[in-house]
Amino acid sequence: MLGVIAFRNLRQGGKRTYLLGIALALVTGLLVTLMSLSNGINDSLVRAATTLAAGHVNIAGFYKSTPKESAPIVTDMAPIKAIAAANAPGLTRVIDRHRGWAKAISDTGSMFAGLYGVDVADEGALFAALQVASEADYQDGGRAELRGDPNRLGEPNSVVLFAAQARRLGVTLGDRITLRTETLRGMSNTVDVEVVAVMQNLGMMSSWNLLLPKQTILDLYGLDPNSTGAIMLYLDDIEQSPAVMEQVRSALEEEGYTVMDHDPRPFFSKFEVVSGQDWTGQQLDLTTWDDEVSFMSWILTAIDSVSFLLVMVLAIIIAIGIMNAMWIAVRERTREVGTLRAIGMSQRRVLAMFMIEATALGFIATTIGAGLSVALILGLEAAAIEIPVDAIRAILMSDTLHFVVSPTQILLSVVGFTLFAAIASIWPAVRAARLPPITAIQRTE
Amino acid sequence: MKHLLLLTTLLLSTSANAAPSQTDVLEMLNTIDERQRNSGDYKALAYIEQKERGKEMTAFETVIYRRDATDKMMILFLRPKSEAGKGYLRLDKNLFIFDPSVGKWERRTERERIGGTDSRRADFDQSRLAEQYTPSYKGESKLGKFAVHHLELKAKEGVDVAFPVVELWIDQKTGNVLKAQDRALSGRLMRTVYYPKWRKVFSESKGAEVYFPKAIHIFDEVEKENQTQVVLQKVDLNPLAENIFTKAWLESQSR
């Protein structure tokens, strides 16, 4: 009965009900869209991080020949790899990559870049996740057909670039670039490498990483073939990364390896700390994938913070709108409230009637808002709209607008805003319920 | 004085006769090192100018402080204003950089490029060629109008240097280095350095003259358009304050 009255009152509210409903629908839709965008960035980050920069669990470390010189390498890799593989539940694959840092110099440009030394035979998943770029992607007037073969990375002194890097260096397939770096003893060294493939960008991370054959990195830095930069473990459930990391850590410590305390930062942030420590030899450093990209978490934090702020401001405005609308409803319907109270309706039922009205409005509006935003998001995702500005592409870690819809978040948004509408109506509803019947009838008369 | 006599004898003999012996070549390096060594302190004003492909030219005014006896060195940036107070401090085998804009010290490799230019710490430091390299004689040649000895130096085992192979062209008449070429481990030519003018100042502590290049022209051979010019002025060999080579002193310069 109360529900029927509430719905009738909503219908009678006319323009006021529609405006409030539209506002609620818009804010819900905005929240769902922003959350989906944040999920999309997170998804891109995980994809880029676990494709390019890190495994789900990583075993890296530092080797110090003197207390002051530290190199980000793992010596005597084979037994460490075996221990890790035997103690990582849910392991799907294990690979290792060399790491380096060099200045890449072409005839027309130069840039500093991280180097990944890879073994093509182990990197099926990497090359499955990357797509070859057309020349038109990185050269004005370039050819549209897809050329280049990342599998040629098995050839000595070859390099695979990403489109943004090829554009910056002004190179195309077959061109040579010089990599200039220092060996672990600090001597200058160079290597000339041939561009064998240019891949499509994979967000910000692909702007500073080059792929090289392992042997090229070994030669460049004068390393032993049984050394590596990082052993990367991939799991069937990424959520298990912290637990698996701890398990592998215990196993390595039991085997007598020295493992550094967990420091949730990428390896390149640890040079300063390690260089300042007074030890020599090998220490291992275990991290999860999100530790290795923690320097980028500010992007998600910033987007989430802006979203929260925006939605909160809008929510406060809407709360004021709901309270105001309910006050108007109470004023307009004082005679009705008085009559209902006079014929025996309890204060509690009057309160419930007004709250049902706000709750119903909230539920219908937020459901419509969430539904429309999901439809919009799915449309945008299907359209794969390209982001025209490089800086935004870098921040969003994708060349196209990428959204990921979470049903749980949609449900929480609908329930949350419905409750919010209900709560905003409490005070006007309480005031309506407390009106003495005589006063209410007299006031309207 | 002993080194100068030896060098004069060597130069006279090599200009008239066959290639110098390994001992003579080593002596050439010792002389170059000895001439630039000062047993006391060293201070000089250095202007460093960097031209880089696709970028505007940058110039720095710096002061170089050295105390060779204890292997200490400092480079303090005075200009431009944005770099004022920044500095490198070498203590033993550690090179630190201080950035006053963030108030933080960072440890850097000894081969650090100074201010991002093609110049390196070693270009401003005491010459240690004989200590770090094994020389071999490549022959006599001409460098413009100058008759020169051409030497190839290879880094000694276990010594940390930026360039494992260095070629030197030494003026037969004066014994000064006129040109150097630095090669990478791969053999690739990395830098060509010219020393067009040398100056000398009498050092009370050494009791002899100390040589220094008035200008250094560094050409990047990998990024061909990049080059660095260094001009050294106001070389002062008087004793410096005891507390100069400390982090606190360098930090105080930006306050």
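The values are calculated or read from the model by the stated rules, or taken from the named source; none is laboratory data. Keep in mind the model is a prediction, meaning the values are calculated, not measured. Heads up, the Cβs are rebuilt from the backbone with ideal geometry, glycines too, and the neighbour counts pull from every protein chain shown.
Below, the figures for the structure above:
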item	result
Residues located in the range B:123-134, provided they are assigned to a strand (DSSP E or B) and within 14 Å of chain A (Cβ to nearest Cβ)	B:Tyr133
So A:Asp119, is it within 30 Å of B:Asn94 (Cα to Cα), away from every other protein chain (no Cβ under 14 Å), surrounded by fewer than 21 Cβ atoms within 10 Å (Cβ to Cβ) and out of contact with any Phe, Trp or Tyr (no Cβ under 6 Å at 6 or more places or on another chain)	no
Filtered residues of the range B:135-162 (kept if within 14 Å of another protein chain (Cβ to nearest Cβ) and assigned to a strand (DSSP E or B))	B:Leu153, B:Lys154, B:Ala155
Test: residue in the range A:37-58 that is in a strand (DSSP E or B) and over 30 Å from A:Ile410 (Cβ atoms)	yes
From the options A:Met232, A:Met199, A:Met204, residue that is at pLDDT 95 or above and within 22 Å of the chain's Cα centre (by Cα)	A:Met232
Subset of the range A:161-192 [within 12 Å of chain B (Cβ to nearest Cβ) and among the β-branched types (Val, Ile, Thr)]	A:Ile177, A:Thr178, A:Thr181, A:Thr183, A:Thr190, A:Val191
Residue selected from the range A:197-242 under the condition within 14 Å of chain B (Cβ to nearest Cβ), surrounded by 24 or more Cβ atoms within 10 Å (Cβ to Cβ) and among the hydrophobic types (A, V, I, L, M, F, W, C), by the criterion nearest to A:Arg393 (Cα to Cα)	A:Ile217
Boolean, B:Thr228 is away from chain A (no Cβ under 14 Å), under 14 Å from the mean Cα position of the chain (by Cα) and of a type in the set (Val, Ile, Thr)	yes
In the range A:255-275, residue nearest to the other protein chains (Cβ to nearest Cβ) [restricted to those that are farther than 19 Å from A:Val293 by Cα and in a helix (DSSP H, G or I)]	A:Ser275
The lone exception for A:Thr92 - which of (1) under 23 Å from A:Asp263 (Cα atoms); (2) not in a helix (DSSP H, G or I) it fails	(1)
Those residues of the range B:93-118 which are under 17 Å from B:Val63 (Cα atoms) and of a type outside the set (D, E, K, R), in sequence order	B:Leu95, B:Phe96, B:Ile97, B:Phe98, B:Pro100, B:Ile114, B:Gly115, B:Gly116, B:Thr117
Which numbered condition A:Phe403 misses (of (1) buried (at least 18 other Cβ atoms within 10 Å of the Cβ); (2) of a type outside the set (D, E, K, R); (3) assigned to a helix (DSSP H, G or I))	(3)
